[in-house]
Amino acid sequence: MMSRPVLPRFRPQWLSPRVLRTEVLGGLVVALALIPEAISFSIIAGVDPRVGLFASFTMAVTISLAGGRRAMISAATGAIALVVAPVAREYGVDYLVATVVLGGVIQALLGLAGVARLMRFLPRSVMVGFVNALAILIFTAQLPYLTDVPWSVYALVVAGLAVMVGLPRLTTVIPAPLVAIVTLTAVTVIAGIAVPTVGDQGELPHTLPTPGIPDIAPTFETLRIIGPYAVAMALVGLMESLMTAKLVDDITDEHSNKTRESWGQGLANVVTGFFGGMGGCAMIGQTMINVKSSGARTRLSTFLAGVFLLILVVALGPVVALIPMAALVGVMIMVSVGTFDWHSVHPATLRKMPKSETAVMLATVAVTVATHNLAIGVVVGVVLATVLFAQRVAHLVSVDSVLDPDGSTKIYRVTGQLFFASSNDLVFQFDYAGDPANVVIDLSEAHVWDASTVASLDAVETKYHQRGIDVSITGMNESSKQRHQALAGRLGAGH
């Protein structure tokens, strides 16, 4: 009797005891850090704290299943709160919820349309500026908790920082942020130290979130009201989420599915909207706690972050309310320090880096910090990088000429990439009045990229023809030839 071959049993990575411990503890630390953030973002949006807390729960749980970047944390964020705040303020929570649902649908459609592929056009200088701006915003967001507070708050923050710096040198079995939070909470409770706590930030919910449909009229007027905010929310959320995913890819040396992450963010916001949440996107601070501080690498930590958050605020609300804000401030300060790319501002790096790339990085940081909007900062950085790149490439085009021995033909050799920035001055590189009866423009070392270049070539030919000079263009590669044949004479050059 033949024995059956023993097939290897597949076991998920997170079932390993060591990985499971890391994921569970990472999710717990993130959940604790999410609570005050969600409450403060609710205040920014002008809604009840429960709206932000429930949004963080549904976002984290849904994206853990549908997202494309493992271990990344998505929840209620300040950027989304700023976008949807006018809707809640002027039209009420039902319109806010409808905006979140529509924004999620738009994100899902953009994801399916392949918008994530645009990430390949993101310059490194913009990415560095994005990271540094995030670090600065995380740090400055802690300053209100350090202003007009008892001196004991500063002592607790310093103690928490000491724990998080020193403990990893002894052991990494338990995340240092979790030890700091538990230790400082115990000290303040036992010693009776009066300091601001999580409970002071807002009332925690006592019931579970329930699904529902927003009470609004399904009319064109409603769409006109929520449409612009939904589009803005979709774009801001996708931009922050995809850039955060790319950052985590670099940290973990793993590639993630950005298309799946895009429509996953959309699905998470749709679910969040129907549960009465304020929407959200990827959170850089909590993601860094999960990935860098805790070492989490799987979807389990993201899922548990949402589950622990709900358990903490609903079942253990009185205990969570006792956590001193100083402990969470210390955690976020460590996150900001760890997030900032210190190498990018080192004098040696600045001396070697091209000034244009440094300018792009600084512009991204400055605009992001000034506006508190990562999307605006990134757009400004990309536009500036594009303009500076176009200027550099434009100067790489050269035109050389040689006259035949018999003096009857002059050959111009054009070298470089011809597009709108480099070809606009092309028309001035020829000696129309002094050239012989025959002119050859050799483009074998050039490439025609756009209609602007074809229009410039048309203008050159027109100027020569007006003087009775015969001109021919030769040497174009197949792509350039097809573009030239399709557009030549149809762009109005010379008129």
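The values are calculated or read from the model by the stated rules, or taken from the named source; none is laboratory data. Fair warning: this is a prediction, and the values are worked out from it, not measured in the lab. Every residue, glycine as well, gets a Cβ built from its backbone with ideal geometry; the counts of neighbours run over all protein chains shown. Heads up: the accessible areas ignore ligands, DNA and RNA and are worked out on the full protein's heavy atoms, side chains in. Shrake-Rupley method; radii C 1.70, N 1.55, O 1.52, S 1.80 Å.
Kindly check whether there is at least one residue in the range 303-315 that is surrounded by fewer than 23 Cβ atoms within 10 Å (Cβ to Cβ), in contact (Cβ under 8 Å) with a residue 24 or more places away in the chain and in a loop (DSSP other than H, G, I, E, B). Looking for residues that are surrounded by fewer than 23 Cβ atoms within 10 Å (Cβ to Cβ), in contact (Cβ under 8 Å) with a residue 24 or more places away in the chain and in a loop (DSSP other than H, G, I, E, B), one finds none in the range 303-315, hence no.
Let's see how each residue does on (1) more than 24 Å from R260 (Cα to Cα); (2) surrounded by fewer than 24 Cβ atoms within 10 Å (Cβ to Cβ); (3) small (G, A, S); (4) in contact with a strand residue (DSSP E or B) (Cβ under 7 Å, 6 or more places away or on another chain):
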{"site": "I284", "(1), (2), (3), (4)": "no, no, no, no"}
{"site": "N290", "(1), (2), (3), (4)": "no, no, no, no"}
{"site": "R297", "(1), (2), (3), (4)": "no, yes, no, no"}
{"site": "D341", "(1), (2), (3), (4)": "yes, yes, no, no"}
{"site": "S356", "(1), (2), (3), (4)": "yes, yes, yes, no"}
{"site": "A359", "(1), (2), (3), (4)": "yes, yes, yes, no"}
{"site": "V369", "(1), (2), (3), (4)": "yes, yes, no, no"}
{"site": "L388", "(1), (2), (3), (4)": "yes, yes, no, no"}
{"site": "Q391", "(1), (2), (3), (4)": "yes, yes, no, no"}
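Does T358 count as free of Cβ contacts under 8 Å to residues at least 40 places away in the same chain, of a type in the set (S, T, N, Q), closer than 29 Å to L238 by Cβ and in a helix (DSSP H, G or I)? Spelling it out, it is not the case that T358 is free of Cβ contacts under 8 Å to residues at least 40 places away in the same chain, of a type in the set (S, T, N, Q), closer than 29 Å to L238 by Cβ and in a helix (DSSP H, G or I).
Would a scan of the range 434-442 turn up a residue that is within 16 Å of L418 (Cα to Cα), surrounded by 16 or more Cβ atoms within 10 Å (Cβ to Cβ) and without any contact (Cβ under 8 Å) to a residue 40 or more places away in the chain? Yes; the residues of the range 434-442 include at least one that is within 16 Å of L418 (Cα to Cα), surrounded by 16 or more Cβ atoms within 10 Å (Cβ to Cβ) and without any contact (Cβ under 8 Å) to a residue 40 or more places away in the chain. Does S64 satisfy being crowded, with 24+ Cβ neighbours inside 10 Å, assigned to a helix (DSSP H, G or I) and of a type in the set (S, T, N, Q)? Against the criterion (crowded, with 24+ Cβ neighbours inside 10 Å, assigned to a helix (DSSP H, G or I) and of a type in the set (S, T, N, Q)), S64 qualifies.
The C-beta contact set for the range 468-486 (first residue under 11 Å from A446 (Cβ atoms), second residue surrounded by fewer than 14 Cβ atoms within 10 Å (Cβ to Cβ), distance under 6 angstrom, 6+ apart or interchain) comprises G475/S444. Look at the range 382-402: where a residue is in contact (Cβ under 8 Å) with a residue 40 or more places away in the chain and closer than 25 Å to D435 by Cα and a partner is open to solvent by less than 90 Å² (accessible area, probe 1.4 Å) and in a helix (DSSP H, G or I), sitting 6+ places away or on another chain with Cβ atoms under 6 Å, you get V397/S422. Within the range 149-177, restricting attention to residues that are under 23 Å from E23 (Cβ atoms) and of a type in the set (S, T, Y), the residue that is nearest to the chain's Cα centre (by Cα) is T172.
In a residue-by-residue description of the range 272-282, the property of being open to solvent by less than 30 Å² (accessible area, probe 1.4 Å) and part of a helix (DSSP H, G or I) applies to at least one position. Exactly one residue among A141, A135 is under 30 Å from A326 (Cα atoms) and open to solvent by less than 20 Å² (accessible area, probe 1.4 Å), and that residue is A135.
Identify all residues within the range 16-30 that are part of a helix (DSSP H, G or I) and either among the small types (G, A, S) or open to solvent by less than 10 Å² (accessible area, probe 1.4 Å) (or both); write none if there are none. Correct list: E23, G26, G27, V29, V30. Report whether or not L96 is more than 16 Å from T272 (Cα to Cα) and either part of a helix (DSSP H, G or I) or free of Cβ contacts under 8 Å to residues at least 40 places away in the same chain (or both). So L96 does not fit the description; no. Checking each residue of the range 194-204 against the condition of being touching a residue at least 24 places away in the same chain (Cβ under 8 Å), open to solvent by less than 10 Å² (accessible area, probe 1.4 Å) and of a type in the set (A, V, I, L, M, F, W, C) gives at least one match.
In the set (1) polar (S, T, N, Q); (2) buried (at least 24 other Cβ atoms within 10 Å of the Cβ); (3) under 24 Å from I138 (Cα atoms), T252 fails one condition alone, (2). Per the conditions (1) modelled with pLDDT under 90; (2) open to solvent by less than 40 Å² (accessible area, probe 1.4 Å), the sole criterion not satisfied by I376 is (2).
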